[in-house]
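Visitor: This is the structure I want to talk about, given as structure tokens.
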Amino acid sequence: MIVEHLAFHYVVHELPLGRLPFRRWRFELWHGAHLRAAGWRVTERDALRALRTHASRAGHEMFGLRAPEDDPAAAGPMFRPGAAVRVQHGAVAFSLAPRQLDTAGALDAVR
């Protein structure tokens with residue numbers, strides 16, 4: 001059994017250079033008006049992977065299910081920032097869409 005029609009929104013952007021001498025990418029994972037996860041990674045690819053991982057964990061947790069072990073190959077292909085994607089991981093299938101597309105019709109194309 002797979003739980004469907006779960007939607008998360010995300011924000012990914014590069015942080016300005018500061019005291020740290022390297023580039024960093026900040027990510028935020030939203031479910032409605034609730035911030036479910038936030039953080040930063042050294043590469044944009046790692047930030048996108050963290051979004052998928054946190055979304056899977058949050059989705060499983062919402063339904064009282066145990067999230068599968070973190071396996072990058074099982075999570076599916078990488079996606080480009082700004083893209084809306086559908087991900088199936090473990091017992092949940094969810095969509096990830098940029099937060100600026102947070103409208104009723106924008107996610108219908110992903111479902």
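Visitor: Can you compute the radius of gyration and Dmax for the range 3-101, using only the Cα atoms, both in Å?
Guide: Spelled out, the Cα radius of gyration and Dmax of the range 3-101 are 13.4, 43 Å.
Visitor: Explain nothing, just the number: relative contact order of the range 3-101, from Cα pairs under 8 Å at least 6 residues apart, as a whole percent.
Guide: Computed value for the range 3-101: 31 percent relative contact order.
Visitor: Amide H to amide H, which residues 5 or more places from Arg36 or on other chains are under 5 Å from it, using H placed in the peptide plane?
Guide: Excluding prolines and chain starts, which carry no amide H, the hits are Leu29, Trp30, His31.
Throughout, read-outs are computed from the coordinates displayed, never taken from laboratory work. What you are looking at is a predicted structure, and each value in this text was computed from that prediction instead of being measured.
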